[in-house]
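**Q** Shown below is the structure under consideration.
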Amino acid sequence: MATSIYVSGHDIHRLAHYAHWIPGTRGLIAPFMASAFPTWTFNELYGTIARSGLITRRGQEFSRRHLPRGTIGLEVHRSGVITQDDGSSTSPARFASWERDDGHRISEHLAVQMPIHEGTILHLPHNSRLIPAAEYPNFVVPAAAVRRELAASTDAWVGHIAADLMDHRLDIAVASATLSRLFIDPERFPHGDPTEEVGRGVVYTTTATGRQLRAPLSAQERDAYVRHHTMYTTSMEHLVDRAIARNGRALIIDLHSYPLAPHHYENPTRRRPEICIGADHHHTPDALLTAALNAFSPGYDTAINEPYAGTYVPGRHYQGDTPVASIMIEIRRDMLRTQSRRRRIVAAIDTMLTAASQR
């Protein structure tokens, strides 16, 4: 019997769902624990976490379900001790956790907020500024330079857009990377991505200004990062599978923001409009692209696939035969600097989604 277990933020959300008298009176808790967390009782696991004071409730929520800021998971020991993880943990329990549920689970790499009816997945892969403490020694630039790189590379203000959209609609699940893209970039292909040539592949070796960020990786070191990338991708695959099972389809809105001035590795001659709509010939239906153009073009300078092209679809769903639609919305950051501007963006995305759902 394992002496500890690692739980992600999504695991805690699942556990919190059963911290209510209805599942208890219906006899649902024991079968759930036996399936999802074998050898652990509900009180031994969730009870220990809740009593620790590490997780909190918000608003009118019945149960505690939110991890502390800067924590992506918890390792719970049978002794009652809890270890917080900022992504630095190399505990065997962390990697063993992936084997639970036959791998059909959402790992600590992805923070997911699910509403009542999740028909659309709002994907925020570059929103986090959290870098594991153990990662900093791998950078060859001072901490101040890493902070500047975080400011340059993190998608600013998209978290505000996501929060406001969830207030407007009950059909959006928000999926955010828990760790910064300076740890891994989950949207790159794990092998052969063209951005590898400029040091901005799965693992960044150069900064946005072209400065060396970290030393070249050995094959073994790169494999370790790719393992985390795989966990993220599989988590997104599971989320898409869930949407298809419940709705017969999945729609991904890949949300980003970008600066007015190009980074060193970008083509300086390409337009940088207020709104860039990324489309993929396989995954972006004409009706969805039309809905996006109708929502944004009247009020914004808008372009398709310029300066960025394509959109995100995870792993085995990419160019497969599953019903997965996707569109990328890249917002120039000066369009997001004030609350009034952000509200206009939220209204446009809301209009796009409503029109797309009616086609």
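The values are calculated or read from the model by the stated rules, or taken from the named source; none is laboratory data. Please read these numbers as outputs of a predicted model, since none were measured by experiment. As a convention, Cβ positions derive from the backbone with ideal geometry for all residues, glycine included, and neighbour counts pool all protein chains shown. For accessibility, only protein heavy atoms count, side chains too; no ligands or nucleic acids. Shrake-Rupley method; radii C 1.70, N 1.55, O 1.52, S 1.80 Å.
**Q** For the structure I just gave you, tell me whether T354 is hydroxyl-bearing (S, T, Y) and in contact with a Leu (Cβ under 7 Å, 6 or more places away or on another chain).
**A** Spelling it out, it is not the case that T354 is hydroxyl-bearing (S, T, Y) and in contact with a Leu (Cβ under 7 Å, 6 or more places away or on another chain).
**Q** When region 211-226 is examined, which residues are found to be in contact (Cβ under 8 Å) with a residue 12 or more places away in the chain and open to solvent by 40 Å² or more (accessible area, probe 1.4 Å)?
**A** R211, Q212, A215, L217, R222
Each row is one residue, and each column tells you yes or no for (1) in a loop (DSSP other than H, G, I, E, B); (2) open to solvent by 30 Å² or more (accessible area, probe 1.4 Å); (3) farther than 29 Å from D241 by Cβ.
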| position | (1), (2), (3) |
| --- | --- |
| P268 | yes, yes, yes |
| H281 | yes, yes, no |
| A292 | no, no, no |
| Y300 | yes, no, yes |
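**Q** How about region 191-221: which of its residues are assigned to a helix (DSSP H, G or I) and more than 12 Å from N138 (Cβ to Cβ)?
**A** Pass one, region 191-221, residues assigned to a helix (DSSP H, G or I): 194-198, 219-221.
P194, T195, E196, E197, V198, A219, Q220 - these are the residues of region 191-221 that are assigned to a helix (DSSP H, G or I) and more than 12 Å from N138 (Cβ to Cβ).
**Q** Applying the selection to region 10-30, what residues are under 16 Å from T71 (Cα atoms) and either assigned to a loop (DSSP other than H, G, I, E, B) or open to solvent by less than 20 Å² (accessible area, probe 1.4 Å) (or both)? Write out each step before concluding.
**A** Taking region 10-30 first, the residues under 16 Å from T71 (Cα atoms) are 10-13.
Correct list: D11, I12.
**Q** Would you be able to tell me the number of residues in region 162-190 that are aliphatic (A, V, I, L, M), assigned to a loop (DSSP other than H, G, I, E, B) and open to solvent by 20 Å² or more (accessible area, probe 1.4 Å)? Spell out the reasoning first.
**A** Start the filter on region 162-190 by keeping residues that are aliphatic (A, V, I, L, M), which leaves 162-163, 165-166, 170, 172-175, 177, 179, 182, 184.
With the extra rule that they be assigned to a loop (DSSP other than H, G, I, E, B), the set shrinks to 170, 179, 182, 184.
From what's left, open to solvent by 20 Å² or more (accessible area, probe 1.4 Å): 170.
Qualifying residue count for the region: 1.
**Q** Tell me, yes or no, whether region 298-309 has at least one residue that is under 30 Å from T234 (Cβ atoms) and of a type in the set (S, T, N, Q).
**A** Checking region 298-309: at least one residue is under 30 Å from T234 (Cβ atoms) and of a type in the set (S, T, N, Q).
**Q** A further question follows. Any idea which of (1) open to solvent by less than 20 Å² (accessible area, probe 1.4 Å); (2) modelled with pLDDT under 95; (3) of a type outside the set (K, R); (4) outside any helix (DSSP H, G or I) is the one A2 doesn't satisfy?
**A** (1)
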